[in-house]
Amino acid sequence: MSFSQKEFTTPPPHPAVGTPPGSKSALPWYSIAPGVWEFLLNGNTQEKAVLHWWEPNAISQQSEQITHTYVEEVCTLRGGLEDLSLGQSWGIGAYAYRHPGMKHGPYRATNEGCLQFVKIIPE
């Protein structure tokens, strides 16, 4: 996998609440679900490091718990999410390591939204 060097001291500004998916004003962020945006830091579709921005009170699209075929590492940088299945909230500094097949979510963002660093690693 090819990585390129990127550095910044503050996260890039996320799209404004209510920005339509596919909007040029959202770039370099792109919509991955209603109210949820992704900023590719490095990588490709198989292995990547991204930022996720959840708009305030955004709720994940799926109503059932989530599973996937890759390792996922997540660290919350700003705001927080509530895991609706567990009734547990995750705030600034929270970290999760999820192995393939691990059930988690669905989620709801806090009133201030949620900014997370996410690392996807193929199994």
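For the reader, a short list of remarks on this structure follows.
- Residues in the stretch 1-24 that are open to solvent by less than 90 Å² (accessible area, probe 1.4 Å) and in contact (Cβ under 8 Å) with a residue 40 or more places away in the chain: 11, 14.
- Subset of the stretch 25-47 that is touching a residue at least 60 places away in the same chain (Cβ under 8 Å) and more than 14 Å from residue 14 (Cα to Cα) - its residue that is most open to solvent (accessible area, probe 1.4 Å): 46
- Test: residue in the stretch 105-113 that is modelled with pLDDT of 95 or more, touching a Lys or Arg at 6+ places or on another chain (Cβ under 7 Å), among the acidic types (Asp, Glu) and over 15 Å from residue 33 (Cβ atoms): no
- Pairs, first open to solvent by 40 Å² or more (accessible area, probe 1.4 Å) in the stretch 82-107, second basic (Lys, Arg), C-beta under 8 Å, six or more apart: 82/108; 84/108; 85/103; 92/78
- Every listed requirement among (1) of a type in the set (Ser, Thr, Tyr); (2) under 29 Å from residue 5 (Cβ atoms); (3) open to solvent by 20 Å² or more (accessible area, probe 1.4 Å) is met by residue 76 save one, (3).
- Residues being under 11 Å from the mean Cα position of the chain (by Cα), of a type outside the set (Asp, Glu) and either closer than 19 Å to residue 106 by Cα or open to solvent by 40 Å² or more (accessible area, probe 1.4 Å) (or both) - total across the stretch 48-73: 5
- Under the condition of being open to solvent by 30 Å² or more (accessible area, probe 1.4 Å) and closer than 13 Å to residue 56 by Cα, the residues counted in the stretch 108-123 number 4.
The values are calculated or read from the model by the stated rules, or taken from the named source; none is laboratory data. Quantities reported herein were computed from a predicted structural model and do not represent experimental measurements. Methodologically, a virtual Cβ is constructed for each residue, glycine included, from the backbone with ideal geometry; neighbour enumeration extends over all protein chains shown. Heads up: the accessible areas ignore ligands, DNA and RNA and are worked out on the full protein's heavy atoms, side chains in. Shrake-Rupley method; radii C 1.70, N 1.55, O 1.52, S 1.80 Å.
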